[in-house]
Every structure is written in C-alpha cells, then in structure tokens.
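I have placed the structure first, in the form of structure tokens, so that the comments after it can refer back to it.
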Amino acid sequence: MSLRFALLGFLSTTPASGYTLGRKFADGAGAMWEALPSQIYLELQRLEDLGLIEGETAKDDKLRRRVYRITKRGREELKIWVESESDERQRERDAERVRFLFLDRSGLPAIRRHVERHRLHYEQQLERWNRHRDDIADGTQERLVDRLADCPPRERDFVTAMKWFAFDGLVRRARMETGWAEDILTWLDTCGSKEEVATLPFEPRRRETNRRKATGIDAAPPKRRSQAR
C-alpha cells in the first residue's frame, strides 16, 4: 500500500482540503498508515499532476484552501488497487521486536521500562480503537457518516460492518501487544537477576532438546563402510 491509495480512498468518499485530510487521516486510516502533513500535501500535488484528483480553491474559505476531489480516472485506479489479487504485503519491519532481541545485554530495570512503555502505548491505542469501533457500531463515527452519505440505503449495513471489522482488527492487535507485554513483565517478576531465572516461558525439555541437537549429541553415528572381501 502507499499513501497515494489511502488519499484516493478518502477522496472517494467526499472532497476535502489538505488540512481536512490531514485531520481526518489521523483519526481514520492513519491508525493503519501514518503520514506527516508535509507528506500528504506533497502526494496531493503528485495525484493532481497525474490527473487522479483535481483541486479548486474554496471561494468561501478565508484561508483560500484548495479542495480536492477524485476524478473518474482516480476512481478507476483506486478500484484496480483495492481489487488487486497480488500479494502486496509489506516486508516485515518490526523495530520493536528487533530492539527487544538485543535488550538481553541491558539491565533488568531498563528492560522493564522498555516493556512498560510498550504496554502503555498499546493500552492507549486500544482505548482509541475501541472508541472508533463503538462509534461505528452506533453509526456516529465521522468518517462512516461521510461514507454513508452517498451510499445506497440497502448497502449501509454492509458498509458499516466492513468499517467495523477494520477497527476490530486493530483492537485485536492492541490486545495481543498488551498481552505480550504483560507476559514479559510477569516473567521478569520471577527473575531475581539475569543469573537467577526461576522459570522459563517454555518447557525446559524443549530447550534441552534444542541444545542436544545444536551440539550434535543426538546425531546418528556415521555409517561404517563395509570392507570388500
């Protein structure tokens, strides 16, 4: 995915200025794809140059903001992208897990602070995404209201459910992340020090099996060549 299609998706609902897009983006797709205002304005210019959107200065706006609307070609490009069957998943780039891999050389207090910050972040995200999901269920979320404005009445329940599922996925992710952090903190409570680990988060037998395999203890002895008679 790119910022291009996120913006086209927003503009497929209703025309908007760069300022409005930045504000709504932070509360909607921004939960799934973050972007700085400077990135949004730059991409809007590119989209206009490509003929995927068109802009017009709002006459009733004192700040003379430029309001953008998606073009027919832009809708076609968006449709091709959302219906594409290509596996366009981002390569894994989990900075949090990479950092955690190398925290083993740090002291227990530093590790604990790091995990507590991670838990707090996702507790806040969970509250935010739960609120969006509940607002969608109530039919009051701003973006949903915009989306339903030009939606055929018989399709409104379907559109609402699709939006609800999107944020339900974020809610589930936040719960997983907070649960992961809780498990680590609970385990750290059992460690008197890095040299005194009372329990392990997995079966010790599995560790012994892996150690034996790594050292070749369980390897089958080499077959002896039969001597010619």
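FYI, it's all coordinate maths here, none of it is from the lab. Remember, it's a predicted structure, so these values are computed and weren't measured experimentally.
Remarks
- For region 115-131, 3J(HN,Hα) computed residue by residue from phi via the Karplus equation (6.51, -1.76, 1.60; θ = phi - 60°) reads 5, 5, 5, 4, 5, 4, 4, 7, 5, 5, 5, 4, 5, 5, 6, 4, 5 Hz, glycine and proline entered as x.
- Amide H contacts under 5 Å for I53: E48, T71, restricted to partners 5 or more places along the chain or on a different chain, H placed in the peptide plane at 1.01 Å from N.
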